[in-house]
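Below is one structure; the comments refer to it alone.
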Amino acid sequence: MRDFAAELEERKQAGLYRTRRQISGPQQPALVSDGVPLLSFCSNDYLGLANHPEIIRAATDAMPSTGFGGAASHLICGHHDAHHQLELRLADFTRRSSALFFSTGYMANMGVISALAGRGDTIFSDRLNHASIVDGCILSRARLRRYRHSDMNALADMLAATDGHKLVVTDGVFSMDGDIAPLRKLAALCRAHDALLVVDDAHGLGVLGPQGRGSLMELGLSEEDVPILIGTLGKAVGTSGAFVAGPQLLMDYLVQKARTYIYTTAMPPAIALATCASLDLIEREDSRRSHLQMLVSEFRQEASALGYELMPSRTPIQPIMVGDNWAALALSRALEERGLMVTAIRPPTVPEGQARLRVTFSAAHSSQDLATLLSALADCRSLLSKPSAEVV
Ligand SMILES: *Cc1c(COP(=O)(O)O)cnc(C)c1O
């Protein structure tokens, strides 16, 4: 039998062993982690809605009439009024003709990609795409061509050299780097080469675009430009689940073919109604997005001034590049000693030699929270041996 213990030991030696922290209480910047209070800069609750009273109330108000459990899959008897209502709301929110509610973003990517491409087809995928996209590509059994991150010349060459059905898939906002895909260019290339474009906007929805409608609506890209939009609801939306939005024909097709939609229990209806309440808040409250933007710009300015190497991101994902796995862990631990929680992200989540601290901001962070982070970063600066600011 395979030596599982040795494999784990090897991971530990390489600084790659992962552990889980146990959180008590609700998700918010002031977290209790393994019994210790910490100020967190690592959740994806970008708008601070995970613990919002209106969303909690929508869920609890719903339950006396909807019950709790989903009880069956959508195609048996699990498809509830509440799910239908959410799908209409999501279509309207993203300015698409229709939407389909999935249980998680991981399942949405697995189901959508494997339904829309198969044996004999070709999928083009950005090298930095989320793991669930990569797994969806593998599951599809289509030929997989990975292009260099956001490299549109490379993609154009690959598309031109390929016959048959083509599907291009990209993150809207890249989850570990925080940068935004060249979406206009992608839409134009896909149109020119008759390729189907799929954009996973897990980190753009709620954060970017007018009223938080996402990175596609920020650029005014319609469903003709980008036929398939995937969004997740556990991040800025603050609830749970995911969706696909696009033309009715493709949603009808997915109901027939997306196995992760078909062969799973419907989400509790109360979650769908809580999500509707969250979308109302997101549309209504621009102040969350402007506060978030202020935190991000101030952080970028101050952290660069301290000599930290940031990445080209204007989103709430603001990684501090470190490189070495152990150095990333050491910086994360030093911040923790100062009461802060910022996770080190290591391979295989990011490429070898690109370990980093993934700092994420939430509208729930105060200016004082940011000041606390910056002052701890100032204290810990000497931990990184090569001050990037001194490299000419
Ligand atoms: C988080 C994430 C997912 C997975 O969504 P879940 O609902 O958490 O399963 C998919 N795609 C991207 C880009 C993500 O960041």
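The values are calculated or read from the model by the stated rules, or taken from the named source; none is laboratory data. None of the values given here were measured: they were computed from a predicted structure. FYI the Cβ positions are ideal-geometry reconstructions off the backbone, even for glycines, and counts take in every protein chain you see. Note: accessible area is taken over every heavy atom of the protein model, side chains too, but ligands, DNA and RNA are not part of it. Shrake-Rupley method; radii C 1.70, N 1.55, O 1.52, S 1.80 Å.
Each of Ala99, Gln27, Ile262 was placed along the dipole of the chain (beta-carbon charges, centred on the mean Cα), and the one lying farthest toward the positive end is Ile262. Over region 218-291, the hull volume per residue, using the convex hull of the C-alpha atoms, is 110 Å³. Using a 10 angstrom cutoff on alpha carbons, build the Gaussian network for the chain and name the most mobile of Ala99, Ala71, Ala181. It is Ala71. I'd like the distance separating the alpha-carbon centroids of region 330-376 and region 245-275, in whole Å. Region 330-376 and region 245-275 have Cα centres separated by 35 Å. According to a simple spin-label model (label point 7 Å from Cα along Cα-to-Cβ), what is the distance in nm between Ala71 and Tyr263? Distance between label points: 2.5 nm. Short to long, the 10 Å bins of the Cα pair-distance histogram for the chain hold 5, 22, 30, 27, 14, 2, 0 percent of all pairs. Computed over protein heavy atoms with a 1.4 Å probe, the accessible surface of region 53-284 works out to 39 Å² per residue. Going by a ≥ b ≥ c, the root eigenvalues of the Cα gyration tensor, does region 1-155 fall in the rounded group (a/c under 1.5), the prolate group (a/b larger than b/c) or the oblate group? Oblate, because a/c is 1.5 or more while a/b does not exceed b/c. Under 28 Å between alpha carbons: how many lysine pairs meet that in the chain, if sequence neighbours fewer than 8 apart on the same chain are excluded? Close lysine pairs under the 28 Å cut-off: 5. Taking other residues whose beta carbon is less than 13 angstrom from the beta carbon of Ile23, and scoring Lys, Arg as +1 and Asp, Glu as -1, yields 0. Accessible surface of region 53-284, 1.4 Å probe: 53 percent of it comes from carbon and sulfur atoms.
Exposed loop sites here are chymotrypsin sites (Phe, Trp or Tyr not before Pro) assigned a DSSP state other than H, G, I, E or B and surrounded by at most 14 other beta carbons within 10 Å; excluding them, the longest clear run of the chain is 69-262.
Relative intensity of region 277-350 on a log10 scale, I(q)/I(0) at q = 0.11, 0.13, 0.21 Å⁻¹, equals -0.39, -0.53, -1.01, per a Debye sum over C-alpha point scatterers of equal strength in the absence of solvent. Histogrammed with a bin width of 5 Å, the alpha carbon distances of region 328-386 distribute as 4, 18, 26, 24, 16, 10, 2 percent, first bin at zero.
In terms of overall dimensions, region 53-284 has a Cα radius of gyration and Dmax of 17.2, 57 angstrom.
The GNM of the chain, with springs linking C-alpha atoms under 10 angstrom apart, assigns the highest mean-square fluctuation among Leu205, Leu233, Leu331 to Leu331.
Per-residue Karplus couplings for region 16-32, computed as 6.51 cos²θ - 1.76 cosθ + 1.60 with θ equal to phi - 60°, are listed in order as 10, 6, 9, 10, 9, 9, 9, 9, 10, x, x, 6, 6, x, 7, 9, 10 Hz, Gly and Pro entered as x.
Under the convention that each Lys and Arg Cβ holds +1 and each Asp and Glu Cβ holds -1, the size of the dipole of region 53-284 around its Cα centre is about 480 debye. Overall, region 209-271 carries a charge dipole of about 320 debye about its Cα centre when +1 sits on the Cβ of Lys and Arg and -1 on the Cβ of Asp and Glu, all other atoms neutral. Mean sequence separation of contacting Cα pairs (under 8 Å, at least six apart), scaled by the length of the chain, corresponds to a relative contact order of 22 percent. Remark: relative contact order (region 1-143) = 11 percent; criterion is Cα-Cα distance under 8 angstrom and separation of 6 or more residues. Here the extension length gained between Ala156 and Ser24 equals 42.7 nm, from 0.36 nm per residue of separation less the Cα-Cα distance. Treating r as the C-beta distance of Arg191 and Gln85 and R0 as 35 Å, the FRET efficiency rounds to 0.60.
Taking the convex hull of the alpha carbon positions in region 246-392 and averaging its projected area over all directions gives 12.9 nm². Free of any GluC sites (Glu not before Pro) that DSSP assigns to a loop and that have at most 11 other C-beta atoms within 10 Å, the longest stretch within the chain is 1-223. Working from the Cα coordinates of region 179-322, the gyration tensor eigenvalues give, after taking √(5λ), semi-axes of 30, 21, 14 Å in decreasing order. Summing +1 for each Lys or Arg and -1 for each Asp or Glu among the other residues whose beta-carbon sits under 12 angstrom from that of Glu54 gives -1. Relative to the Cα centre, the charge distribution of region 236-392, modelled as +1 at Lys and Arg Cβ and -1 at Asp and Glu Cβ, gives a dipole magnitude of about 340 debye.
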